[in-house]
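Some notes on the structure that comes next.
The values are calculated or read from the model by the stated rules, or taken from the named source; none is laboratory data. Since we're looking at a predicted model, the values are computed, not measured. A quick note on method: Cβ atoms are made from the backbone with ideal geometry, for glycine too, and the neighbour counts reach across all protein chains shown.
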Amino acid sequence: MGRHRGVHHLFPDVLVSAHEGPAPPGPFLQVKEGECMAHHEREIIGVDDRVSVGRAIPLGIQHMMSMFGSTVLVPVLTGLNPNVAIMCSGIGTICYLLVTHNKIPSYLGSSFAFISPILAATAATGSIHTALSGVVVAGLVFLATAGIIKLVGTGWLDRLLPPVLVASVMVVIGVGLSATAAKMALNSSTDSFVASGAIVAAITLVAAVVFSSMGGLVGTLPILLAIIVGYIASSFFRLVDFSKVVSAPWIGLPPIQAPHFDPGAVALIAPVAIVVVIEHIGHLLAVGEIVGKDYREMLPRSLAGDGLSTLISGFLGGPPTTTYAENIGVMSVTRVYSTQVFWYAAGFALLVGGFCPKLAAFINSIPVPVMGGVSLLLFGLIASNGLRMLVTNHVDFDENRNLMIASVVIILGVGMETSGISIPIGSYTLPGMATSTLVGIIMNLILPPAKPKNEAVDSQK
């Protein structure tokens, strides 16, 4: 969400709330955890619920695989080690869960927002080690921001982020990734349509839809099972490359790289953390909306967890981290919100990235069309959650300010995300999600407040 995807994966489900009566104030919909939220019955596993080890293992693997492609892509593009990035995502997620007291189900992976500044810093200084110093300081910026918000409180979120804006941003997150999902599904490794890849993507998509409509254990593992089906189908079309899997060792430690402090690299990389803070808030709102919890008061802890994760990653030679929309999508599809599952996902990532290169190579051998197939479903479902939020919060589109905010935010954000356009600000770029969010905040502050219904009727007489 907010990260510009070059390739690889993501996931959610339309949660139709049974909420009755007027919506509560603020951007979060108050839904009882465990409330039936779809047409068909399926068990909802809440944030604090626990499942058996036998269920937690495949659920954790599902989350790990959903973030794998995007997390690996960032180090590939920046010159960092992919296995270190995977390991750091596991360590970072564990840190996040500890800092947030195991209350927020989120997975932390490599942040796309830092790709350009890391490349610029490496080119300017001639060393990836100096770029890592910028990553470390970016983590400190997160921690400082968390401290400031802790001091000033989070009451300002209600004023800055009304339901119409939050819902519109969720639509931008989902629809903005549509071009990425389509390219992943319809292309293999080329820039043109590839029939074999499209067939594999279609098979994977159908499998994901069928599995997600089923109950029981299958209904909680639709993404994992669909990936398996797609992987098998890919092998018949010879889209799977086993060469790197065969050559990779079973046991091995990734190369750790230490940061070398450089003021220039810090100046290029660290300020990007402010943009990622906006992305982080959007993700937190989306998680709260999906699981039916109000996480506003936990924003400082959430940012601190992300900051600590990025700080550690910088010292180990990994990229900056951020919360992942992919995993938000998985929760939306499966209705499994338990933080226990994220512990398993983090543990598997730590094992795969830190100690087992062969497993890392095997997971990385999943063809892009397979992940494209599930992404077509899951990206769209993120957007659907945004539309649901508009309905359940009774956003009145007869009110001009709501209509204006939603229209501008959605079109601007989706247009920028799908076209790959970012606004340059000095050495930095502002992606579509962050830009549309900022524009929406400004519009919400300057547009006149809506008149009460009775006043509006009287003025028309």
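When you scan region 63-81, do you find a residue that is in contact with a Leu (Cβ under 6 Å, 6 or more places away or on another chain) and not β-branched (V, I, T), even just one?
The answer is no; no qualifying residue exists.
When region 295-349 is examined, which residues are found to be assigned to a strand (DSSP E or B) and out of contact with any Asp or Glu (no Cβ under 8 Å at 6 or more places or on another chain)?
The answer is V336, and nothing else.
Is it true that L161 is under 23 Å from the mean Cα position of the chain (by Cα), closer than 23 Å to P431 by Cα and crowded, with 20+ Cβ neighbours inside 10 Å?
yes
What residue, among those in region 443-452 that are surrounded by 13 or more Cβ atoms within 10 Å (Cβ to Cβ) and in a helix (DSSP H, G or I), is modelled with the highest pLDDT?
M443
Which numbered condition in (1) modelled with pLDDT of 85 or more; (2) within 21 Å of A113 (Cα to Cα); (3) part of a helix (DSSP H, G or I) is the only one that P259 fails?
Just one mismatch for P259, condition (3).
Please enumerate the residues belonging to region 385-427 that are more than 25 Å from the chain's Cα centre (by Cα) and closer than 22 Å to G329 by Cα.
none
Quickly run through region 55-88 and pick out the residues that are more than 16 Å from V368 (Cα to Cα), touching a residue at least 60 places away in the same chain (Cβ under 8 Å) and among the small types (G, A, S).
Answer for region 55-88, where residues must be more than 16 Å from V368 (Cα to Cα), touching a residue at least 60 places away in the same chain (Cβ under 8 Å) and among the small types (G, A, S): A56, G60, A85.
Being buried (at least 24 other Cβ atoms within 10 Å of the Cβ) and in contact with a Phe, Trp or Tyr (Cβ under 8 Å, 6 or more places away or on another chain) is the filter; apply it to region 305-321 and report the residue that is nearest to K103 (Cα to Cα).
Across region 305-321, the extreme among qualifying residues is G305.
Is one or more of the residues making up region 422-434 among the β-branched types (V, I, T), at pLDDT below 85, in a helix (DSSP H, G or I) and in contact with a helix residue (DSSP H, G or I) (Cβ under 7 Å, 6 or more places away or on another chain)?
Within region 422-434, none of the residues are among the β-branched types (V, I, T), at pLDDT below 85, in a helix (DSSP H, G or I) and in contact with a helix residue (DSSP H, G or I) (Cβ under 7 Å, 6 or more places away or on another chain).
(1) touching a Pro at 6+ places or on another chain (Cβ under 9 Å); (2) modelled with pLDDT under 80; (3) acidic (D, E): which one isn't true of E455, the others all being true?
(1)
How many of the residues in region 208-238 are closer than 17 Å to M65 by Cβ, in contact with a Gly (Cβ under 8 Å, 6 or more places away or on another chain) and touching a residue at least 24 places away in the same chain (Cβ under 8 Å)?
Matching residues across region 208-238 total 4.
Within region 250-282, how many residues turn out to be among the β-branched types (V, I, T) and surrounded by fewer than 18 Cβ atoms within 10 Å (Cβ to Cβ)?
3
Only one residue in S188, S234 is at pLDDT below 80 and buried (at least 16 other Cβ atoms within 10 Å of the Cβ), so which one is that?
Every option except S188 fails the conditions.
Could you say whether any residue in region 42-62 is closer than 18 Å to D306 by Cβ, in a helix (DSSP H, G or I), at pLDDT 85 or above and in contact with a helix residue (DSSP H, G or I) (Cβ under 8 Å, 6 or more places away or on another chain)?
no
Given the options V391, V370, V352, V414, name the one that is assigned to a helix (DSSP H, G or I) and either surrounded by fewer than 22 Cβ atoms within 10 Å (Cβ to Cβ) or in contact with a strand residue (DSSP E or B) (Cβ under 8 Å, 6 or more places away or on another chain) (or both). Outline the logic, then answer.
Working: V370 fails: either surrounded by fewer than 22 Cβ atoms within 10 Å (Cβ to Cβ) or in contact with a strand residue (DSSP E or B) (Cβ under 8 Å, 6 or more places away or on another chain) (or both); V352 fails: either surrounded by fewer than 22 Cβ atoms within 10 Å (Cβ to Cβ) or in contact with a strand residue (DSSP E or B) (Cβ under 8 Å, 6 or more places away or on another chain) (or both); V414 fails: either surrounded by fewer than 22 Cβ atoms within 10 Å (Cβ to Cβ) or in contact with a strand residue (DSSP E or B) (Cβ under 8 Å, 6 or more places away or on another chain) (or both).
Result: V391 is the single residue among V391, V370, V352, V414 that is assigned to a helix (DSSP H, G or I) and either surrounded by fewer than 22 Cβ atoms within 10 Å (Cβ to Cβ) or in contact with a strand residue (DSSP E or B) (Cβ under 8 Å, 6 or more places away or on another chain) (or both).
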